[in-house]
Structures are given as C-alpha cells and as structure tokens.
Amino acid sequence: MARVLIAWEMGEAFGHLARCQQLAEGLRQRGHAVTLALKDVRLPAGRYIGQAFTVLPVPMTPPGIAVHRPPVNYADVLNASGFADARDVAARLNAWRGIFTLARPDVLVTDHAPTAMLAAHLSGIPHLAIGNGFAIPPAVSPWPSIRPWEAISEETLSAAEVRLNRVTDAAQKALGHAATVHLRDMFGAADILDTFAELDHYGERPEGRYVGPIVSLPQALRVAWQHGEAPKILAYLRPTVSGFAAILQALARLDADVLCVVPGMDPEAVKRVATRRLRIALAPVDLPPLLEHADLAIGYGNSGFSTQALLAGVPLAMRPRHVEQMFFARRIELLGAGKLLDGRLDADSATASLRELLDKPHYRQAANAFRDRYRQFSPKQAMEQSLSLIAQQAQQEAVCHLCPYAPFGTRCVSGVC
C-alpha cells in the first residue's frame, strides 16, 4: 500500500476537482491511502468528497497580477499567477513542506500544482503531473507559445522563462538551497496526459503518455430530447461567455430542439428566454445519451464537454472564455470538426455560423472520423491505466524526505527512521 497525495493548486472549473476525486476513489479501491490538497472543495449540488479521505487546503496563491499583454507561454502564465514574488513562492514552498509532513506521501500527483511539484522535488518525493496538456508543457526550450495564432518571437518566449527562473531561484535560496532547480525540470516522462494526441494543446508528443479523458459526471440529471425531426442542439455554456446573449438569440431563431445547460444563470433570466424549443437547465445533465442523437454541440472550449461531443461524432461551435480554451478549440478546428465563434459576435453572425455547422456535412464527417478512431476507447480503461502509472511511480526508490535530522530537501543519513 502506498500513501498518495493528490494536489490541485491552480485553474478554475469543476474538471480539476472531478479528476482529483475520481483518482482518489480509484486509488482507495486499490488499497492505497490518499490525502487530497485542494484549491476548492466545493462540488456541484448533491455530491461530496467521501469521509475516507483527509482533505487539506493548499497554500493560498496570491491574486493574479495585472499584465500589459496576454501571456505568451506557460512560464508567462505562472509569472502572472503567483510566481511574481520570490517571498510568496518561498512561503508556499515552506507550507507545502508542512503538508508533506502531515501526509507523508510516497508519491505526489499534481493537477496544475506547480508549487507542489517544486516542493516535492526539493523534498525528494517522487511526483508526476496529470492533465489535459495545457499545464504540462512539452520538453522543448523555450516552452512553446500558447498563442499560435500570433507571431511571437523565440526571444519573447525565452524571456518569460528567464523571469520565472529568477523568482523560483530566489525562493529556493531563501530556504537555504545553494543549488537550485527550474520548474521546466519538474515535468517529464512520468506525466500522464488525460487527453488524445490530436487534442493536446501543444500538438502530439511522440513520447507522451496519452490515456484519454478520465473525467465524467455521474448522478447527473437525465433529460430526453423532444420528439420530432428538427435538428437537436446541445449547448454547455456559462453566463460569463462573451456574446452569451447573442448565442441564446441565435438558438431561439433556429428551427431546432435546443437544450442549453448553463450553470450559474439567473433563474429569472431563464424564465425570460426559455421556450418550448429552447430549454435551459441550471444543473448538470447526463450528456452521453443526449450527445448520441445530437446534431450539433455548442461550448466554450472546455475540454471535457468538447471531447465527449467528439467521441459521439458531434461537431462543435465554440466560444472560448480565455486563452487555454481558445488554444484547445483551435485543435478541434484544425481537425475540421468544429468552428470558432470568433470576433465580435451578434445574433446574426452567431445564427449564420450555427446554420453553417448544421448544413455543411464536412463538419459532421470530421467528427465522425474522430469517433470511429476511438470507438474502442473506454473511460474506465483510461482510469485504470492512470492508476497503474501512479502506483508504479510510488514504488520508485524511497527517500526519507521527512526525517527531522535532515535539512529540507536532503536525504536522511541518521538511520533512525
């Protein structure tokens, strides 16, 4: 039996939390002891983290700093999201050491938790990252652009990484480390990509360990399509999506059976816009039965919903909210299985784009081709493969990183523990 610490530190949305919870459940069923260190423990209504797990809060990351331009690569994302001040980073590294003392992990599994990865490395704890690709940058130098639709020089990409290294070096020296390591060295062959190669934000990695998506939404509301021959459109949106009102107006214009899932939408606003053909759900719904018969899916570039649509052979209209989702949506557009609702959006342009996706068969053909390539894919197999890889990492040579006789980040030489 291994002791596993699962950490989620950065990023928003339910996907991170759901992935951590499912991994924890799977590891517990295999007999491992699991501790969760989480940015947010709140699950959708009706779900909770079981009492079998110890749940700890992660060290607080400072609010993102104001930037004069959008981030250009993953190093730049970190620069603007808690890695601008060496004192803050040193404090978090020290706090993670305290978490390690409590959890005594044999292995750390991180879901977008870069500070935890660095702290684990300094403490000699085996670690691996899991995610859909964005927060696991490939082993190239400098880290590649996350804005491939713009011309960004290699000097700009390198400069972002230099700024990050300067801060993390100073943080490590403040904790007494003469020799420092960089965050780029934290990622490696042990990392797990829970996506498909075609959907990797950075493009296919020849040595990447792709297991496919492991996240699902059990115990969701079951909803059926209404009878009729009209096209069936399933949308998963947020009220904060730019152009949200225009998309709803466009959906109302279409002669279609529309089900729009919008967590966080004002119930009074729902009453004003919902019709017999345009139904709006505020709670999660069971997606696979709906996607099985859908003609079009509409999302904001969220990888979970988008991947489920493609596995069902359903083309996508996408209106991303931020750069990670734009990055992902462009991968789908490159496959020919979807279309970005880009630029300034009004009801007329949104209606035209949705009609194009419904009327032109090549979108459906590309989505069907993706579905056929992964017809044998099973989320259960993806989970089992991930659990096996985590267990293998936990069995690596142990280092007594919690020895009270050894300084932070050195091997135990006392022989008493």
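The values are calculated or read from the model by the stated rules, or taken from the named source; none is laboratory data. Treat the numbers as computed from the prediction; the structure is a model and nothing was measured. So basically every Cβ, Gly included, is an ideal-geometry build from the backbone, and we count neighbours across all protein chains shown. SASA here: full protein model, heavy atoms, side chains in, ligands and nucleic acids out. Shrake-Rupley method; radii C 1.70, N 1.55, O 1.52, S 1.80 Å.
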### Query
Among the residues of region 352-373, is any exposed (fewer than 12 other Cβ atoms within 10 Å of the Cβ), closer than 30 Å to residue 213 by Cβ and either within 27 Å of the chain's Cα centre (by Cα) or modelled with pLDDT under 90 (or both)?
yes
### Query
If you check residue 181 against the conditions, is it open to solvent by less than 40 Å² (accessible area, probe 1.4 Å) and farther than 24 Å from residue 121 by Cβ?
no
### residue 292 vs. criteria without any contact (Cβ under 8 Å) to a residue 40 or more places away in the chain, within 25 Å of residue 347 (Cα to Cα) and among the acidic types (Asp, Glu)
no
### Task
Please go through region 143-170 and pick out each residue that is of a type outside the set (Lys, Arg), open to solvent by 20 Å² or more (accessible area, probe 1.4 Å) and assigned to a loop (DSSP other than H, G, I, E, B).
144, 148, 149, 150, 151, 152, 153
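From the list 342, 348, which one is under 24 Å from residue 247 (Cα atoms), modelled with pLDDT under 95 and open to solvent by 90 Å² or more (accessible area, probe 1.4 Å)?
Criteria check complete, one pass: 342.
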### Task
Restrict the check to region 250-268 and report whether at least one residue is crowded, with 21+ Cβ neighbours inside 10 Å, in contact (Cβ under 8 Å) with a residue 60 or more places away in the chain and either farther than 21 Å from residue 386 by Cβ or more than 22 Å from the chain's Cα centre (by Cα) (or both).
yes
### Task
Enumerate the pairs (first residue in region 75-99 and in a helix (DSSP H, G or I); second residue anywhere and modelled with pLDDT of 95 or more and surrounded by fewer than 17 Cβ atoms within 10 Å (Cβ to Cβ)) with beta-carbon separation below 6 Å, excluding pairs fewer than 6 apart on the same chain, so at least 6 apart or on different chains.
79/163; 86/170; 90/174
### Message
So residue 223 passes all but one of these: (1) outside any loop (DSSP other than H, G, I, E, B); (2) closer than 23 Å to residue 311 by Cα. Which condition number does it fail?
### Response
(1)
### Query
Do you know which of the residues in region 73-129 that are in contact with a Pro (Cβ under 6 Å, 6 or more places away or on another chain) and charged (D, E, K, R) is nearest to residue 4 (Cα to Cα)?
92
### Task
Check region 189-201 and report whether any residue there is of a type in the set (Ser, Thr, Tyr) and open to solvent by 30 Å² or more (accessible area, probe 1.4 Å).
no
### Query
If residue 245 passes every condition in (1) open to solvent by less than 50 Å² (accessible area, probe 1.4 Å); (2) closer than 30 Å to residue 279 by Cα; (3) out of contact with any strand residue (DSSP E or B) (no Cβ under 6 Å at 6 or more places or on another chain) but one, which one does it miss?
(1)
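In region 108-142, which residues are assigned to a loop (DSSP other than H, G, I, E, B), farther than 26 Å from residue 179 by Cα and either touching a strand residue (DSSP E or B) at 6+ places or on another chain (Cβ under 8 Å) or without any contact (Cβ under 8 Å) to a residue 40 or more places away in the chain (or both)?
Matches in region 108-142: 132, 133.
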